[in-house]
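*Asks:* Could you have a look at this structure, given as structure tokens, before my questions?
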């Protein structure tokens, strides 16, 4: 899978068309960490259009995968995949800078058009796919019931992913700051800071939220120490 997108910002003008027989299921995108973000909730009246802005998650990211899904689960992999495509040619920039507005539009015939437009450069890309068939009513009902019975499980997994994303961002910020100001620390403190960051980075894949929370506290304390050094050097 290409580099993920994060609820925040993106780029390009990509168009994708999918024929939907029904609209009782939400439509949205997979975002950073495998979360599902709804752009159009189920039972919405058509025609309808809604937009959301996303961003890159790594420095100089030049491509972004857009994964369109249908369903009610909090986790992207638990929903129905409609289509995915990759936006390429993103100008190099720090993470969080490129802005891409993603729009979902459903016309009166049930055709879903997905577009992504770079708000800064106006760069456009476009593609179209063969309309796909929808789901049978009993299958839709099954998916809705499944989402309702999985609410607590999905909530716990979502909280874990959100905390993991936060930890990953904090590690990246701390490493960037250390690259610039790390020499202001004695060598033994540099080693101590790097050890904390290395341990946290190696533990990103753990499935225990309590452990992630503990790592967050340690990295936050380390980041505060780096910030103090940065302020003292100004």
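*Asks:* Quick check on segment 100-121. Is at least one of its residues touching a residue at least 60 places away in the same chain (Cβ under 8 Å), closer than 18 Å to residue 32 by Cβ and part of a loop (DSSP other than H, G, I, E, B)?
*Replies:* No, the conditions are met nowhere in segment 100-121.
*Asks:* While we're here: State yes or no: is residue 10 within 28 Å of residue 92 (Cα to Cα), touching a strand residue (DSSP E or B) at 6+ places or on another chain (Cβ under 9 Å) and modelled with pLDDT under 50?
*Replies:* yes
*Asks:* Answer with yes or no whether residue 80 is farther than 22 Å from residue 168 by Cβ, surrounded by fewer than 21 Cβ atoms within 10 Å (Cβ to Cβ), at pLDDT 90 or above and in contact with a helix residue (DSSP H, G or I) (Cβ under 8 Å, 6 or more places away or on another chain).
*Replies:* yes
*Asks:* With segment 136-232 as the region, which helices (runs of 4 or more DSSP H) entirely inside it contain at least 2 residues that are in contact with a helix residue (DSSP H, G or I) (Cβ under 8 Å, 6 or more places away or on another chain) and over 30 Å from residue 23 (Cβ atoms)?
*Replies:* 151-181, 187-202
*Asks:* Out of all the residues in segment 35-46, is one or more more than 27 Å from residue 168 (Cα to Cα), crowded, with 19+ Cβ neighbours inside 10 Å and either out of contact with any helix residue (DSSP H, G or I) (no Cβ under 7 Å at 6 or more places or on another chain) or at pLDDT 85 or above (or both)?
*Replies:* yes
*Asks:* Cβ contacts < 8 Å: first residue more than 12 Å from residue 174 (Cβ to Cβ), restricted to segment 186-214; second residue at pLDDT below 95 and outside any helix (DSSP H, G or I), any location; separation 6+ or different chain. Result?
*Replies:* Note: pairs meeting the criteria are 211/203; 212/203; 212/206.
*Asks:* May I pose another question? Only one residue in 201, 168, 159, 180 is more than 21 Å from the chain's Cα centre (by Cα), under 27 Å from residue 95 (Cβ atoms) and not assigned by TED's automatic domain parsing to the domain that holds residue 76, so which one is that?
*Replies:* 180
*Asks:* Examine segment 49-65 for a residue that is out of contact with any helix residue (DSSP H, G or I) (no Cβ under 7 Å at 6 or more places or on another chain), without any contact (Cβ under 8 Å) to a residue 24 or more places away in the chain and surrounded by fewer than 21 Cβ atoms within 10 Å (Cβ to Cβ), and state whether such a residue exists.
*Replies:* No, because not a single residue in segment 49-65 is out of contact with any helix residue (DSSP H, G or I) (no Cβ under 7 Å at 6 or more places or on another chain), without any contact (Cβ under 8 Å) to a residue 24 or more places away in the chain and surrounded by fewer than 21 Cβ atoms within 10 Å (Cβ to Cβ).
The values are calculated or read from the model by the stated rules, or taken from the named source; none is laboratory data. Model, not experiment: these values are computed from the prediction. With ideal geometry, Cβ positions are generated from the backbone for all residues, glycine too; neighbour counts draw on all protein chains shown.
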